[in-house]
Each structure stands twice: as C-alpha cells, then as structure tokens.
Amino acid sequence: MNADRKNILSRPLFIPSTLLRASLHLSSFIFLLSACVPASETASPPTARTEASEVATTPTSTAEPVSGLGVEVESLDGVNVTLWHPWFGTDAALLESLVAQFNSSNEWGIIALTESKFNYAELFSQVTAALPTEARPDIVIGLPEHALYWDAHSASGVLDLERYTADPIFGLADEDFAPVFWNQDVLNGKRFGIPAQRTARFIFYNQSWARVLGFDSAPTTPDEFRERACAAHQSFLSNDTSADDGLGGWLVDTDPYTPLSWMLAFDGGVLEQGNFIFRTPNNLTAFNFVQTLYKDGCSWVSTTAIPSDEFAARHALFISGTLEDVAAQSSAFNTIASADEWTVLPFPGNGEDALVVSGPSYIILPSADSEQLAAWLFVRWILSTENQARWAETTGLFPLRTSSLNLLSSYAASHPQWTQAVQLIPLGQMTPQHADWRLARNILSDGFACIFLGNMPNICDQMPLLLAEMDSAFADVTK
C-alpha cells in the first residue's frame, strides 16, 4: 500500500483553502504469541469460532440449518466472478496463486478471474466509471471510503454483506476477527465490505541508542517522546562536527496517518458528528506539539534520506512506519551489521495511545443471486485460517483471523517487531468512516507538511490559521 501513497512534500499544497475499545476477543491474539514473548506480556484467550459451516456444537434441535440466501448450490457450477484489485508485485502474485488454487479445488465449480488496476487511484476511477455498466466487476478489493462513495453515487450501490456473514450455512463468524478489523466496514447497520488486508502506522524506536542516551524505557506520553527526541538531537550538537547538527530525534514524514495519529494521541481527530473539522482545541494542541518539536530541532525533515537507513545509522531515534516497512527496516540494520535493538510503538498519548489501523476490503457489487453467492464464497474461502496465515507470512501484514496465529508461531519467533505489532492490535482505531476521507486525507497531509515549510509566512507558522485554512480547503473540494 505504501507504493500508492505519494510523498506529500512532492505535491502542491491545498493550503490557501474513539479509540475503539478492543473486546476481550483480542486477548487471544496475545495468547497465541505467548511462546514468542515473555509470559508477563500475554493474556488469557477466549474461545474463537470458525465459519458457521465448520462449527461443531451440540445440537439443540433436530432441524437442519437452512440458508436464507435462496440460491441452490447446483446453480453455482460454472459461475464466473471477476475481481478487480489495486496490487502489483508480491501482493498480486500471492492473490493470483490463491485464485488458481480456488479455481482448481472449490467444491462449487466457481471460477474467479482477476484484473490488476495497479494502484488505488486507478482502481477507484475505473470502478466508478464501470458501476452503471454491465462491465462492472463482481468483487473489488478497495478502500472502505471508496465503498461508501460507490454506495452513495450509484443506483445499485454495493451489496450489504450482513446477510452473508450471518447465514447459517454460508456465514462467517465475527469472533475470529479483531473488532478493529471487522467493524471498519459497518456503518449505519450496513456491511459494505469484509477486511482484505490490515496494517497500522507505528513509531519505530531504537532501544539500544536510547539506553546510551540514558533512557531505559520507551516513551509513554508526548512529553517523554519529546524528552528522548531532544536528547538525541543534543547528542549531535555536542560532538566535534557541525555537519550533522540537524540530525537526531524524529525523522518527520507526512503520510496522512501520521498527523491523524498525533491528533488522536491528543484526544483529537478529524470527524465530529459526521463532519470533517480540523480546527479543534485538541487538534491545535497536537499541531503545536509537532511544530515546537520541529522548531527546537528535535525533529527533522529530509526529501532525500531513506528513513530506514537513517534510523539504522542512528541519525534518527524515531521514525514512523507501517507493517510493510518492518522488513525493509530489519534489512537496513543487517546491511550495516548493526546489532541495535528496536521496537514498534503506538503514538504516545496524553490519555490513550494512538494506533490507526487501515487497509482495503473485499467489496461485492450487486448482480444475480447466484453470482453474489459465488463472489461471497470466494471471499470467505480466501479468508480461511490457512490462507490468512499464508497471507501474513508473505506480506508481513496483520493476520485477519485470530485462529491463523496457531499456524504462525515460527514466523512470529523470527519476526519480533511483527510480534510486537500484533500485541498492539487491541489499541487499534479505525480510519474515518466517511466517503470524503479520500479527500480529507490529502488536505491533512498537505496541512501537516506546511508546518515544515518555513518559507511560507503566516499560514504555516500559525497553527490556528493553518487548521482554519485546512477547513476552508476541505469545504472547497467538497462543494
């Protein structure tokens, strides 16, 4: 997904215009990793369910369960379903491999066909154009905010999958999914999709360097983050060369989920009563915190540095990154033969820490009943415990199902930062459930980038004015 996110510093600015509490089901994620982490970091698991058709229970009635979908299984034989997706490279190759396996082995005789659109922007454009035509796909792997847009801007909308997940024969049990994954696609009683991939944005923290600087624990508040970042910067000011005086602390990035995470860490956010509002007191506190960090030299910006290399070389005590970045970061440490220990953290908050979970979902478009069921059965199959374990091992992203962790013990043991990330899932917060998030996130990135562009007078230096201009910019693009 990172390949589809432009570095906001390279784009022209728009400017001059709750914590979801994790249910106890999530403790099973931590329990299943207990062989890889100290016992003190684990929790007792609840019982996880599998698909409705796989559940073995003591019958309370002699009546056989009956599907409420009204489709005869025999009618599925030979049905083709078309899937459009945004991926290329590893993700696309894995999807094609799984599709080939499904086509050769599924009991219903369903054939799935895939088309890559190579990125989310092109996928969104082509699906939007195809919606009123017979050429539209059956399944789209798209962002949740795109599903909300398609549902509101097409005559047929997107298929409500609630009937399918709850069906006694063909259903899918929600208890095997983390609530932050499962609930992202449900709004106003309608299920717009089913999670296809999930990642999160973290703070990467060099524990070994921090100990040299005198800190034996990770930061748990913004003030502690600032204290450690400024100490790292000061270490460069006190050495014998001036060429590196700008280094240390946090290497800034302007991915939209970075400012969103800081806003949430200060009990802010971008949605209030269903409306996007940037200028709020808590958001102002968050932006002031980041601005002061930068003005004091405790964070720094580069348009050329590779964050993973700078982090490995101890030029930045902190960087922000996603699960997709963990493998590259480990490789960067290996390349320079560094034995430094590092970890992934949520964004430290004044009350509760912030961890924004994001990713695409399987979205099914309305068609004939048999085609809809065929599309659903493909989605349910690809979300099986075994397939999700394979997906996590190949992509390094979160396993969507708790039960998949039973198959991932070896992977977890050899990927400690991934294990740490999985332990943080109970902190996860959903992305804004609004079709206009696709627009608002660009304005959020641009406004955040403005903080670090000191050559723009007034707007970029005055946080109340900056946030007000972001509100104005959003109003302009949504007229």
Tell me which residues, restricted to segment 275-295, are touching a strand residue (DSSP E or B) at 6+ places or on another chain (Cβ under 9 Å), part of a helix (DSSP H, G or I) and not aromatic (Phe, Trp, Tyr). VAL290, LEU293
Can you pull out the residues in segment 424-438 that are surrounded by fewer than 19 Cβ atoms within 10 Å (Cβ to Cβ) and assigned to a helix (DSSP H, G or I)? ARG438
Could you list, in sequence order, all residues of segment 199-235 that are charged (D, E, K, R) and surrounded by 22 or more Cβ atoms within 10 Å (Cβ to Cβ)? ARG201, ARG228
Among the candidates PHE102, PHE170, which residue alone is at pLDDT 95 or above, in a helix (DSSP H, G or I) and not acidic (Asp, Glu)? PHE102
Yes or no: segment 221-241 includes at least one residue that is of a type in the set (Ser, Thr, Tyr), modelled with pLDDT of 95 or more and out of contact with any Leu (no Cβ under 9 Å at 6 or more places or on another chain). yes
If you check ALA413, ALA389, which single one turns out to be surrounded by fewer than 19 Cβ atoms within 10 Å (Cβ to Cβ), among the aliphatic types (A, V, I, L, M) and assigned to a helix (DSSP H, G or I)? ALA413
Matching residues in segment 191-215 (more than 24 Å from ILE425 (Cα to Cα) and either in the same structural domain as ILE141 (by TED's automatic domain parsing) or in a loop (DSSP other than H, G, I, E, B) (or both)) number 3
Here the residues within segment 443-466 that are in a helix (DSSP H, G or I) and either in contact with an Asp or Glu (Cβ under 7 Å, 6 or more places away or on another chain) or crowded, with 18+ Cβ neighbours inside 10 Å (or both) are ILE443, LEU444, SER445, ASP446, GLY447, PHE448, ALA449, CYS450, MET463, LEU466
State whether one or more residues within segment 353-364 are surrounded by 19 or more Cβ atoms within 10 Å (Cβ to Cβ), part of a helix (DSSP H, G or I), of a type in the set (Val, Ile, Thr) and at pLDDT 95 or above. no
Within segment 175-196, is there a residue that is farther than 20 Å from LEU439 by Cα, acidic (Asp, Glu) and in contact with a Lys or Arg (Cβ under 8 Å, 6 or more places away or on another chain)? yes
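The values are calculated or read from the model by the stated rules, or taken from the named source; none is laboratory data. Just so it is clear, the structure is predicted and the values come from calculations on it, not from any experiment. All Cβ positions, even for glycine, are placed from backbone atoms using ideal geometry, and neighbour counts span all protein chains on display.
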